[in-house]
1. What is the list of residues in segment 44-75 whose amide nitrogen lies under 20 Å from a point 7 angstrom out from the Cα of residue 87, following Cα to Cβ?
2. For segment 79-149, with only Lys/Arg (+1) and Asp/Glu (-1) charged at the beta-carbon, what is the dipole magnitude about the Cα centre, in debye rounded to 20?
3. Rank 360, 111, 241 by how far each Cα sits towards the positive end of the charge dipole of the chain (+1 on Lys, Arg Cβ; -1 on Asp, Glu Cβ) and give me just the farthest.
4. Could you tell me the center-to-center distance, by alpha carbons, between segment 186-254 and segment 61-110 in angstrom?
5. For segment 208-268, what's the radius of gyration and Dmax over Cα atoms, in angstrom?
6. Suppose we keep just the alpha-carbon trace of segment 268-345; what are its Rg and Dmax in angstrom?
7. Rounded to the nearest 0.05, what FRET efficiency is calculated for residue 75 and residue 47 with R0 set to 41 Å and r the Cβ-Cβ distance?
8. Give the peptides 14-27, 233-246 in descending order of average Cβ contacts within 10 Å, highest first.
Amino acid sequence: MAYRGVSEKKIMFINRDLINYNLQTSPFLSGFLMELLEREDSAQSVVYTFPHLTIQEFVAAVAQFLNPHPGDILKFLTVDHNTTDGRFEVFLRFVAGLSNPMTTRGLQEFLGPFPNQTTCRVIDWVREEVKRQSGNTWNEAGKRRLLNTLHYLFESQNRGLAQAALESVDTISFSGMTLTPVDCAVLSHVIGLRDTIKHLNLEKCNIQCEGIQRLGPGLHKCQVLRLGGNDLGDSGVKLVSAALGNPECKIQKLRLFDVGLTDSGAKNLASDLITNRSLTDLDLSTNKLGDSGVKLVSAALTKPECKIQRLWLAGVHLSDSGVEDLVSAVITNRLLTRLNLESNWLTDRSIPALRLLILALPSLERIVLVENMFSKTGEKELRSLQEPRPGLRVIFDHRNL
């Protein structure tokens, strides 16, 4: 009856439902169901409901797990997992959790042994489903199914199962999909089981400080980390920068655009950048760093440990005076190949500093200056610096990006 309620989005039951499932009112039953009086015109009738929908979902999971026909469980798992409206998500998490003998030990005292055959089938299904869904994240539905299977893996609390299921998973992408702090905790659990994650893309997932706090312990294992478009704020970015300061950090590319970072938070980021030896690409675009924030970040470029080669500072409220500090740091670096300064407040007053940058940094291959405030003469002067440098592109037009 509980399962049918989950399946049909039904939370109220009548006497006929109890009769159909061979249930009779008793003190035992009242521990699971509440009786409510329902008025219809002049008559009154009794309806029954579980104290909470979660209890109904748990009872439904136990009922299906103890089904006398073990083969039926695969049918329920497959059909329910492919239902897109979310009605079975918690139910299936409970089923996965019941595959752990430690979870069911207390229940077996009252319900008898849980069928080993069913347990094995649930474990096999979870493992194969993670493998099947890991490469199917090109649309919202695929991402949702993968996230759900990771929840099942988490609920199983079966380390051997998790490692077997995740052995070929090195790229995880939930970009554009809202993730709750609980989702982030599940992802952190998954990352913690791998030595390295090649690519973690969580751009525009509505992650805030609490979510990034849950993710924090495993972020240093990601080689490419995309967190742009989340409202992390300075406190959230501090947690991310701590991953950069981890001696075992593997982050090579960090996309931190539009995360609510200000010049106040840039200090923590800069201190961890100074000691980091893995990062080569850093994107801090569309954050309110201002000249002071850019100065703090660029100071890290002067350190021999710093390996940054590509730096994005588009739309960070950088002015002419801030460019001078940036250039003095960059020409010390000697490794920078690409610099993006589009959509800032640069004018012709920046030209001497930019000329110095271009002439003194032979490694520079591309500098993007789109949507600043240069005059036509200023643009022409900067473009002319490409002539003695065949490998260099000075870009003032989006079409040339």
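The values are calculated or read from the model by the stated rules, or taken from the named source; none is laboratory data. Quick caveat, the model's predicted, so the values are computed rather than measured. Note that each Cβ is placed from the backbone with ideal geometry, even for glycine, and that neighbours are counted across all protein chains shown. Keep in mind that these areas ignore ligands, DNA and RNA; they rest on the heavy atoms of the full protein, side chains included. Shrake-Rupley method; radii C 1.70, N 1.55, O 1.52, S 1.80 Å.
1. 48-65, 73-75
2. Details: 10 positive and 8 negative charges, 35 e Å.
Dipole size: approximately 160 debye.
3. So the residue furthest toward the plus end is 360.
4. Using only Cα atoms to place each centre, the spacing works out to 32 Å.
5. 10.5, 27
6. Final numbers for Rg and Dmax: 11.2, 31 Å.
7. Details: r = 30 Å, r/R0 = 0.74.
Between residue 75 and residue 47 the formula returns 0.85.
8. Working: 14-27: 11.4, 233-246: 20.1.
Per-residue mean Cβ counts within 10 Å order the peptides as 233-246, 14-27.
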